[in-house]
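Enquirer: Have a look at this one before I ask anything.
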Amino acid sequence: KSKDPYYITIYTLVGTRDKLKVHAFNLSEFWTEGSEIRINNKNDKTDAPNNEEAIRRQIKYAEKRKFHNSEHFAYFCRYEKPETPRAKKVGIKRTAVS
């Protein structure tokens, strides 16, 4: 649990569109000097985020799951729910149209 940013582990999805798998990177591998990042925690207003320990459990569990994109993976780990609110909304619209 070092606060040194070079010891931070970043988890993301890598692979082809059909086979996205969880992959861990060291921050120095992931971050290009001079780049910027935007942290999006907008769903914290409607969903309670997990604590660090729960997020780590979700990451381990996520290694056994399939994800369509990294947004769904991040949402699953942070909020312990399988879909983002937007994905649910789109799914509801599809169901209503069918």
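Enquirer: Might you check whether a residue that is assigned to a loop (DSSP other than H, G, I, E, B), loosely packed, with under 14 Cβ neighbours inside 10 Å, out of contact with any Phe, Trp or Tyr (no Cβ under 7 Å at 6 or more places or on another chain) and modelled with pLDDT of 85 or more occurs anywhere in the stretch 10-32?
Expert: First, pick out the residues of the stretch 10-32 that are assigned to a loop (DSSP other than H, G, I, E, B): 17-18, 31-32.
Filter once more, so that each one left must be loosely packed, with under 14 Cβ neighbours inside 10 Å: 17-18, 32.
From what is left, the residues that are out of contact with any Phe, Trp or Tyr (no Cβ under 7 Å at 6 or more places or on another chain) are 17-18, 32.
If we keep only those that are modelled with pLDDT of 85 or more as well, we get none.
No, the stretch 10-32 contains no residue that is assigned to a loop (DSSP other than H, G, I, E, B), loosely packed, with under 14 Cβ neighbours inside 10 Å, out of contact with any Phe, Trp or Tyr (no Cβ under 7 Å at 6 or more places or on another chain) and modelled with pLDDT of 85 or more.
Enquirer: Can you name the residue in the stretch 70-98 that is modelled with pLDDT under 85 and among the polar types (S, T, N, Q) and is also surrounded by the fewest Cβ atoms within 10 Å (Cβ to Cβ) among such residues?
Expert: Filtering the stretch 70-98 for residues modelled with pLDDT under 85 gives 81-98.
From the residues that got through so far, the ones that are among the polar types (S, T, N, Q) too are 84, 95, 98.
Numbers: THR84: 18, THR95: 8, SER98: 5.
Only one residue fits best here, namely SER98.
Enquirer: Mind listing whichever residues of the stretch 42-69 are surrounded by 13 or more Cβ atoms within 10 Å (Cβ to Cβ), at pLDDT 90 or above and either in contact with a His (Cβ under 6 Å, 6 or more places away or on another chain) or not in a helix (DSSP H, G or I) (or both)?
Expert: The answer is ASP47, PRO49, ASN50.
The values are calculated or read from the model by the stated rules, or taken from the named source; none is laboratory data. Please read these numbers as outputs of a predicted model, since none were measured by experiment. Backbone-built Cβ (ideal geometry, glycine too); neighbour counts: all protein chains shown.
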